[in-house]
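Heads up: the structure comes next, in structure tokens.
The values are calculated or read from the model by the stated rules, or taken from the named source; none is laboratory data. Keep in mind it's a predicted model, so treat the numbers as computed, not measured. Neighbour counts are summed over all protein chains in view; Cβ atoms, including those assigned to glycine, are modelled from backbone coordinates with ideal geometry. Heads up: the accessible areas ignore ligands, DNA and RNA and are worked out on the full protein's heavy atoms, side chains in. Shrake-Rupley method; radii C 1.70, N 1.55, O 1.52, S 1.80 Å.
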Amino acid sequence: MGRRRRPRERDCAAQGARRHCRHLAECKLVSFPIGIYKVLRNVTDQIHLITLANNELKSLTSKFMTTFCQLQELHLEGNFLHSLPNEVSTLQHLKAIDLSRNQFHDFPEQLTTLPALETINLEENEIVDVPVEKLAAMPALRSINLRFNPLNAEVRVIAPPLIKFDMLMSPEDARASPP
């Protein structure tokens, strides 16, 4: 009998060579495994999606960002991240990033420099202020999720007339995490 693959491996494999994925979700990782860089060194330019969701990551290194510079999707939800390295700006092909359920107090402004970025998910962080003008200038941005962040009133008033994308926010009094 052949080895039975886990569902996320099967889902990724079904996408074939068109889109290479690496799933390391729910592995209790506190950092990105150094050995993975060596194993993948000849195919890093073919990896377009990495999932590191629901681990215990406190930070990502600049090496991670520069090694996987062809990424189109990056899933980092459910970790302990509070910032991103400046080298996130090398992810010029990134279309979607999920940073929900982390520990961001400040909006990661490096994301506003990414020309292909369409979707940002920062739900359930501790973000108070958002660089609305920089977000409004992003050419590809279609959606940003800021629900369950303690956004200041100024962001709530200034943002709507300036933006051309969907900005999801909780009602003003819904600052606690969802049930």
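Data table
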item: Complete set of residues in the range 103-113 that are open to solvent by 10 Å² or more (accessible area, probe 1.4 Å), touching a Leu at 6+ places or on another chain (Cβ under 9 Å) and part of a loop (DSSP other than H, G, I, E, B); result: Gln103, Phe107
item: Search result, residues across the range 68-102 that are within 20 Å of Pro33 (Cα to Cα), assigned to a helix (DSSP H, G or I) and either among the small types (Gly, Ala, Ser) or open to solvent by less than 50 Å² (accessible area, probe 1.4 Å) (or both); result: Val88
item: Positions within the range 75-100 being touching a Leu at 6+ places or on another chain (Cβ under 8 Å), of a type in the set (Gly, Ala, Ser) and within 17 Å of Val30 (Cβ to Cβ), in sequence order; result: none
item: Subset of the range 55-67 (residues that are surrounded by fewer than 16 Cβ atoms within 10 Å (Cβ to Cβ) and of a type in the set (S, T, N, Q)); result: Ser59, Thr61, Ser62, Thr66
item: Those residues of the range 152-179 which are in a loop (DSSP other than H, G, I, E, B) and either at pLDDT 95 or above or within 18 Å of Lys95 (Cβ to Cβ) (or both), in sequence order; result: Lys164, Phe165
item: Pick from the range 114-150, criterion of a type in the set (Val, Ile, Thr) and part of a loop (DSSP other than H, G, I, E, B), ranking: nearest to Leu81 (Cα to Cα); result: Ile127
item: Enumeration of residues in the range 40-54 that are under 14 Å from the mean Cα position of the chain (by Cα) and open to solvent by less than 20 Å² (accessible area, probe 1.4 Å); result: Leu49, Ile50, Thr51, Leu52, Ala53
item: Of residues in the range 142-155 being over 18 Å from the mean Cα position of the chain (by Cα) and either free of Cβ contacts under 8 Å to residues at least 12 places away in the same chain or open to solvent by 40 Å² or more (accessible area, probe 1.4 Å) (or both), the one nearest to Asp129 (Cα to Cα); result: Asn152
